[in-house]
Amino acid sequence: MSAPVIRLDNLTVSYNRHPAVHHLSGAFQPGSLTAIAGPNGAGKSTLLKAIMGELRPAEGRVEHRLQRADFGYLPQAADINRRFPISVLDTVLLGSWRSAGAFGSVAKQDGMRARAALRIVGLEGFEARHIGSLSAGQFQRVLFARLLLQDARVILLDEPFTAIDARTTRDLLDIIARWHGDGRTVIAVLHDFEQVRAHFPESLLLARRLIGWGPTQEVMSSANLLQARAMTGRWDEDAEACEPAA
């Protein structure tokens, strides 16, 4: 088996000393397609931010040999300001920053690739539209087009299908399957367990602590889901920082 692309070693992440992810260890293999699932407040988005380096571990570490440009990251829709005056095409072209540089000019080839990405996500002809005029589903298609242009080795998606229509969800799941087929590592936070079972061969079931990590049909068992829900009922939002694992 190839060396893991990302390894978590006893990872604990806290907010104001209150732990959100406890002592998590495991590895994402190259080319894997993994859903991070669990109850609300289970630490799923926190884990993605820790992998991205946006949150520092309280304990343990995230290990990889990737550069920032190797990651493609799609945050939750609530974290994105759509009032910024920018067109659909220019939003997609932000995915070309790796080749253009922070202050570089956009090459003609990048413009062609951006338009091709918009065709793939079903938004041909939307290039000049302002992003604030789009529906939630259309805007999510734009963000997937930007990821297509970025051409990242590892793609992290935080609740990519929240508040979007069924057709858009199907189309974006097809793109995720395409990334997987290309050998990219894809990690997605999801709340729809049936969606996880149908489309993601690997799962990480989290309830602040690890419940299971491996093949989806084993991890997303009724017993594991009951355990995750039971742990949710025992959460203490005022708990002190956890002690190191024995």
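The values are calculated or read from the model by the stated rules, or taken from the named source; none is laboratory data. Quick caveat: nothing in here was measured; it's all calculated off a predicted structure. Glycine also receives a Cβ, built like all others from the backbone with ideal geometry; neighbour counts cover every protein chain displayed.
Output yes when any residue across segment 158-176 is part of a strand (DSSP E or B) and in contact (Cβ under 8 Å) with a residue 60 or more places away in the chain, and no when none is. I'd like the intermediate steps shown before the answer.
Here is the first cut: in segment 158-176, the residues part of a strand (DSSP E or B) are 158.
Checking the rest, the ones that are also in contact (Cβ under 8 Å) with a residue 60 or more places away in the chain come to 158.
The answer is yes, given that some residue of segment 158-176 is part of a strand (DSSP E or B) and in contact (Cβ under 8 Å) with a residue 60 or more places away in the chain.
Of 20, 77, all but one fail to be surrounded by 15 or more Cβ atoms within 10 Å (Cβ to Cβ), closer than 22 Å to residue 127 by Cα and touching a residue at least 60 places away in the same chain (Cβ under 8 Å); the exception is 77. At least 2 residues being of a type outside the set (D, E, K, R) and touching a helix residue (DSSP H, G or I) at 6+ places or on another chain (Cβ under 6 Å) is the threshold, and among the strands (runs of 3 or more DSSP E) wholly inside segment 11-116 those reaching it are 18-28, 33-37, 71-74. Within segment 196-212, residues that are over 14 Å from residue 38 (Cβ atoms) sit with their Cβ atoms under 7 Å from residues that are assigned to a strand (DSSP E or B), at 6+ positions apart or across chains, in these pairs: 201/33; 201/215; 202/33; 202/34; 202/214; 202/215. Restricting 47, 33, 89 to residues that are within 27 Å of residue 233 (Cβ to Cβ), at pLDDT 95 or above, buried (at least 17 other Cβ atoms within 10 Å of the Cβ) and not hydroxyl-bearing (Ser, Thr, Tyr) narrows the list to 47.
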